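Scroll down for the structure; my scribbles are underneath it.
The values are calculated or read from the model by the stated rules, or taken from the named source; none is laboratory data. Bear in mind that the values here come from a model prediction, so they are computed numbers and not experimental data. Positions of Cβ are generated from backbone atoms using ideal geometry, with glycine treated the same way; all protein chains shown enter the neighbour counts.
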Amino acid sequence: MRAAGEKIACLTCYDASFALIEDRAGVDLVLVGDSLGMVIHGGTTTTAVTVADVAYHSRAVAPHLKRAFLVADLPFLSFATRERALDASQRLMQEGGAKMVKLEGGREQADIVEYLSVRGVPVCAHLGLQPQLIHKMGAFKVQGRDSGAAEAMLHDARVLEDAGADLLLVECVPSELGKRITDAANVPVIGIGAGPDVSGQILVLQDILNISPMVTIGRKPRFVQNFMAGAADIESAVRAYVQAVKSGAYPAPEHCFS
Ligand code: KIV
């Protein structure tokens, strides 16, 4: 799709009912994200999510995807060593039915990415804002704003791709950096708050339906658009999101960082 110039529409999902809807509505890539710790379990961070949790939700989603590609998150510390990363990936792929795993981190994860990749585990590397680092960072904030941090992230992207990452995901960075990473990469780059010039977009399902706890308490991230507004039902809202990603209508300037 990247080569064909078609934008990739990605969305999180955690259960069978929504998996059926997302697949029917034309979502290309479904992520069982560790965001489930916040939008399903009601936590304030993703720290408590376990491999068993992600495998459980992936198992609910996988059988209902006829065309969408399923990616599952490696949760906090589940990839702290090569062996743990391999065991966790095995569970997410064999029990959970995932076709790719996603892990957060920069060049420091290159060794793990390579270890998984050469053993047949497709990997998505998640750069930029890494919610699993919340207890080190103290707050969720835009990454790569100064030139040193931007160059470092660009370098991380290259190193991770060279290590075998098949997909990059970039969260909360200035649009210009999202574009630079995409231009430099050979694999698709999926953005969330990374501007319009990436290969595709991802959002959290509950955010686009305007029902996530963050949205409900009035703390809507800048990059979130409420696709329920004006939609007749949930499936129409998901279709509207897919169409907006494909046409480039989403993200609009008000969803982007500079
Ligand atoms: O856990 C998740 O849902 C994610 C997306 C927000 C990209 O990592």
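Restricting the stretch 171-191 to residues that are crowded, with 23+ Cβ neighbours inside 10 Å and of a type in the set (Gly, Ala, Ser), the residue that is farthest from PRO251 (Cα to Cα) is GLY178. Pairing residues of the stretch 25-36 that are more than 14 Å from PHE69 (Cα to Cα) with residues that are near the ligand (Cβ under 8 Å from one of its atoms), at Cβ distances under 6 Å and at least 6 apart in sequence or on separate chains, gives ASP34/THR46; ASP34/ASP73; SER35/THR12; SER35/VAL204. Put simply, of VAL27, VAL49 the only residue that is assigned to a loop (DSSP other than H, G, I, E, B), away from the ligand (no atom under 11 Å from the Cβ) and over 22 Å from ARG119 (Cβ atoms) is VAL27.
Report yes if some residue within the stretch 64-84 is charged (D, E, K, R) and either in contact with a strand residue (DSSP E or B) (Cβ under 7 Å, 6 or more places away or on another chain) or buried (at least 21 other Cβ atoms within 10 Å of the Cβ) (or both); otherwise report no.
Within the stretch 64-84, one or more residues are charged (D, E, K, R) and either in contact with a strand residue (DSSP E or B) (Cβ under 7 Å, 6 or more places away or on another chain) or buried (at least 21 other Cβ atoms within 10 Å of the Cβ) (or both).
All conditions in (1) more than 26 Å from ALA16 (Cα to Cα); (2) surrounded by 15 or more Cβ atoms within 10 Å (Cβ to Cβ); (3) over 15 Å from the mean Cα position of the chain (by Cα) hold for LEU92, with the sole exception of (1). Whether any residue in the stretch 80-97 is closer than 23 Å to VAL245 by Cα, touching a residue at least 12 places away in the same chain (Cβ under 8 Å) and within 16 Å of the ligand (Cβ to nearest atom) is what I want to check. Checked against the condition, which is being closer than 23 Å to VAL245 by Cα, touching a residue at least 12 places away in the same chain (Cβ under 8 Å) and within 16 Å of the ligand (Cβ to nearest atom), the stretch 80-97 yields no hits at all. A single member of GLY97, GLY120, GLY128 is on the phi > 0 side of the Ramachandran plot and crowded, with 20+ Cβ neighbours inside 10 Å, and it is GLY128.
Conditions tested, residue by residue: (1) among the β-branched types (Val, Ile, Thr); (2) under 21 Å from ALA9 (Cα atoms).
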| site | (1), (2) |
| --- | --- |
| VAL123 | yes, yes |
| PRO131 | no, no |
| LYS136 | no, no |
| GLY144 | no, no |
| CYS172 | no, yes |
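Looking at the stretch 182-204, can you tell me whether even one residue there is acidic (Asp, Glu) and within 30 Å of ALA16 (Cβ to Cβ)? No, the stretch 182-204 contains no residue that is acidic (Asp, Glu) and within 30 Å of ALA16 (Cβ to Cβ). Every condition in (1) of a type outside the set (Ser, Thr, Tyr); (2) surrounded by 18 or more Cβ atoms within 10 Å (Cβ to Cβ); (3) not in a helix (DSSP H, G or I) holds for ALA139 except the one numbered (2). Scanning the stretch 209-221 for residues that are within 16 Å of the ligand (Cβ to nearest atom), crowded, with 23+ Cβ neighbours inside 10 Å and at pLDDT 95 or above turns up nothing.
Output the residue which, of all residues in the stretch 222-235 that are free of Cβ contacts under 8 Å to residues at least 60 places away in the same chain and either surrounded by 15 or more Cβ atoms within 10 Å (Cβ to Cβ) or in contact with a Pro (Cβ under 7 Å, 6 or more places away or on another chain) (or both), is nearest to VAL142 (Cα to Cα).
PHE223
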